[in-house]
Amino acid sequence: MPAQSDFPSVAELLPHRAPMRLLDAVLEAGADHVRVAAIVRDEAPFGDGTGGVPAYVGVEYMAQAACVYSGLELRGQGLPPKIGLLFGVRLYRSTLPRFSAGQRLQVCARLTLREASGLAAFDCEIFGAQGESLAQADIKAFRPHDIREYLQHG
């Protein structure tokens with residue numbers, strides 16, 4: 001497995017820009033999974049200045065982890081990252097009501113299904129600094145071949 005410094009920066013793998021880019025580094029990646037690091041920030045658009053972010057923001061951490069997985073795949077083909085769409089979230093469970101500012105998270109996304117149409121499903125989990133499970137969900141994402149065409153004509 002490559003060392004953390006051997007992976008491209010998250011900025012090179014996600015089409016997101018600050019402040020929407022919530023992830024900090026790729027920790028591990030394989031043929032069917034990715035593990036990324038995030039430090040919780042109590043800043044807009046998700047933080048409200050009260051010491052963290054609501055636990056439902058975990059869905060966005062998971063979606064961005066899936067997007068990093070996609071970005072790594074595309075990079076391996078010599079292509080830039082592409083915009084993907086979060087299509088659905090199933091069974092989101094969190095053990096806490098909010099993530100605290102400064103909290104270090106690890107977000108794992110494991111590919112469980114992929115269709116030629118661009119639809120993919122991921123089993124996701126967020127872990128705390130001690131390796132404790134903080135949140136879990138199944139997410140579905142869609143990466144159309146041409147995002148502009150898809151948004152114009154569906």
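The values are calculated or read from the model by the stated rules, or taken from the named source; none is laboratory data. In this text, all values refer to a predicted model and were calculated from it rather than measured experimentally. Don't worry about glycine lacking a Cβ; one is built from the backbone with ideal geometry, like all the others, and counts go over all protein chains shown.
Screening R75 against (1) surrounded by fewer than 16 Cβ atoms within 10 Å (Cβ to Cβ); (2) over 17 Å from R21 (Cβ atoms); (3) among the charged types (D, E, K, R) leaves a single unmet condition, (2).
With respect to the conditions (1) free of Cβ contacts under 8 Å to residues at least 60 places away in the same chain; (2) within 17 Å of the chain's Cα centre (by Cα); (3) within 18 Å of V53 (Cα to Cα), L113 falls short on a single one, namely (3). Only one of the numbered conditions (1) touching a helix residue (DSSP H, G or I) at 6+ places or on another chain (Cβ under 7 Å); (2) in a loop (DSSP other than H, G, I, E, B) is violated by F99, and that is (2).
Cβ-Cβ distances below 8 Å connect no pair with a first residue in the stretch 141-153 that is free of Cβ contacts under 8 Å to residues at least 40 places away in the same chain and on the phi < 0 side of the Ramachandran plot, a second residue that is assigned to a helix (DSSP H, G or I) and of a type in the set (K, R), and a separation of six or more residues or different chains.
Those strands (runs of 3 or more DSSP E) of the stretch 21-78 in which 2 or more residues are within 12 Å of the chain's Cα centre (by Cα) and touching a residue at least 60 places away in the same chain (Cβ under 8 Å) occupy 33-39. Listed conditions (1) out of contact with any Leu (no Cβ under 7 Å at 6 or more places or on another chain); (2) surrounded by 14 or more Cβ atoms within 10 Å (Cβ to Cβ); (3) not small (G, A, S) are all met by P45, apart from (2). The residues of the stretch 89-116 that are closer than 13 Å to S133 by Cα and surrounded by fewer than 17 Cβ atoms within 10 Å (Cβ to Cβ), listed by number, are Y92, R93, T95, L96, R104.
Filtering the stretch 101-115 for residues that are out of contact with any His (no Cβ under 8 Å at 6 or more places or on another chain), farther than 23 Å from A25 by Cα and not hydrophobic (A, V, I, L, M, F, W, C) leaves a non-empty set. Checked against the criterion of being at pLDDT below 95 and at negative phi, the stretch 51-71 has no qualifying residue. Evaluate the following for P15: is it within 21 Å of F122 (Cβ to Cβ), at pLDDT below 95, of a type outside the set (F, W, Y) and surrounded by 12 or more Cβ atoms within 10 Å (Cβ to Cβ)? Yes; evaluated as a whole, the condition is true for this residue.
Search the stretch 117-154 for residues being at pLDDT 95 or above and of a type in the set (D, E), and hand back the single one that is surrounded by the fewest Cβ atoms within 10 Å (Cβ to Cβ). Only one residue fits best here, namely E132. For the stretch 121-154, the set of residues classified as touching a helix residue (DSSP H, G or I) at 6+ places or on another chain (Cβ under 7 Å), more than 17 Å from A29 (Cα to Cα) and part of a strand (DSSP E or B) consists of A135, A137, I139, A141, listed by residue number.
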